[in-house]
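Here's the structure we're looking at; comments come further down.
The values are calculated or read from the model by the stated rules, or taken from the named source; none is laboratory data. Since the structure is predicted, the reported quantities are computational estimates derived from the model, not experimental observations. Cβ atoms come from the backbone with ideal geometry, glycine included; neighbour counts cover every protein chain shown. Note: accessible area is taken over every heavy atom of the protein model, side chains too, but ligands, DNA and RNA are not part of it. Shrake-Rupley method; radii C 1.70, N 1.55, O 1.52, S 1.80 Å.
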Amino acid sequence: KSKKKRVKMGMRDSAKFLMNSPYIRDLATLVISYGMCINIVEVSWKAKLKQAYPDPNAYSAFMGNFSSATGTVTLIMMLLGRTIFEKYGWKKAAMVTPTMIGVTGLAFFGLNIFAPTFAPLAAALGTSPLMLAVLVGAAQNILSKSSKYSLFDPCKEMAYIPLDQDSKTKGKAAVDVIGNPLGKSGGSLIQQALIFGVGSLAAATPYLAGILAVLVFFWYKAANSLGDQFEIAMEADDAA
């Protein structure tokens, strides 16, 4: 009982600090947005992937190629990440991940929603609208995961640098205790609610696209706000 009480008190303190600190609130928004966006797109993509590759062997072969491509692109992005930070700064680096997820994610949903419209384009490329959507979804997952490891995670950790020790401890606790779980579970809850409301994941696709656009908008807004606060805090820290 004593342990549970301490955990509850810790969660309450983390939530209170999160609400009272614009800096940590923006940082948590980045983490929550990433988790929800990834979940929303990935579940829909894997549903399409199973339609395109109903044979387990073909599905496994595709996922093997997907994993190899993810590792290769991640390595390239890791090499480019340092250059992006040095040349463009924290704010521009923080904008890369939502840009990749927003553009490729909305493209994926657009191919699903307007599949008949893209049929001539798919035929010209020698494929089907379903396979075209699968390939765009794969690109979305590859780019989002590679940008997370090379830019998003470093941006998140760098954001704690100018904070004092107490703020660092409470900020990390707030983001880890509230931001990470909410980001991971929030996307799933949204999809379950939509499936229950409209009947299927396919029917929920237009709503998921709209929710993705809203999440990316708030992600951009939080990254822009946090970038300004980060620069001011770093200047104050350097002056001190």
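Pairs of Cα atoms under 8 Å, at least six residues apart: use those to get the relative contact order of the chain, whole percent. Write out the running numbers ahead of the final one.
Working: 240 pairs, mean separation 95.6, N = 240.
Dividing the mean separation by the residue count of the chain yields 40 percent.
Just to be sure I understand the rule: take each whole DSSP H helix in the chain, project its Cα atoms onto its long axis, keep it if the span is 15 Å or more and its mean Kyte-Doolittle hydropathy is at least 0.0. Which ones pass? Please list the in-between numbers first.
Working: long enough: 2-20 (27 Å, -1.01); 22-52 (44 Å, 0.45); 56-113 (44 Å, 0.64); 129-147 (27 Å, 1.06); 180-198 (28 Å, 0.53); 201-239 (55 Å, 0.74).
The qualifying helices are 22-52, 56-113, 129-147, 180-198, 201-239.
Write down the accessible area per residue of the chain in Å², having rolled a 1.4 Å probe over the full set of protein chains. Numbers along the way, then the final one.
Numbers: 12760 Å² over 240 residues.
I get 53 Å² per residue for the chain.
Could you give P(r) for the chain, binned at 10 Å from zero, as whole percent values over all Cα-Cα pairs?
Spelled out bin by bin, the chain gives 7, 27, 32, 21, 10, 3, 0 percent.
Once you have the Cα-Cα distance between Leu182 and Ile161, take 0.36 nm times their residue separation minus that, and quote the gain in nm to one decimal. If you can, show how the numbers build up before the last one.
Values: separation 21, 0.36 × 21 = 7.56 nm, distance 2.40 nm.
Extending this stretch completely gives an extra 5.2 nm.
Determine the gain in length on full extension of the stretch Thr83-Ala193; use 0.36 nm per residue of separation and subtract their C-alpha separation, reporting nm with one decimal.
Working: separation 110, 0.36 × 110 = 39.60 nm, distance 4.19 nm.
Gain on stretching Thr83 to Ala193: 35.4 nm.
Could you tell me the calculated FRET efficiency between Ser128 and Ala61, based on Cβ-Cβ distance and R0 = 25 angstrom, to the nearest 0.05?
On the way: r = 18 Å, r/R0 = 0.73.
About 0.85, to the nearest 0.05.
Which FRET efficiency, nearest 0.05, do Glu231 and Val43 yield, Cβ-Cβ r, R0 30 Å?
On the way: r = 36 Å, r/R0 = 1.21.
Once rounded, the FRET efficiency stands at 0.25.
Using unit Cβ charges (K, R positive; D, E negative) and no other charged atoms, how large, in debye to the nearest 20, is the dipole of the chain about its Cα centre?
Details: 24 positive and 15 negative charges, 209 e Å.
Dipole about the Cα centre, nearest 20: 1000 debye.
Take the solvent-accessible surface of the protein heavy atoms, probe 1.4 Å, and return the percent of it on the chain that carbon and sulfur atoms account for.
Values: 8390 of 12760 Å².
Roughly 66 percent of what the probe reaches on the chain is carbon or sulfur.
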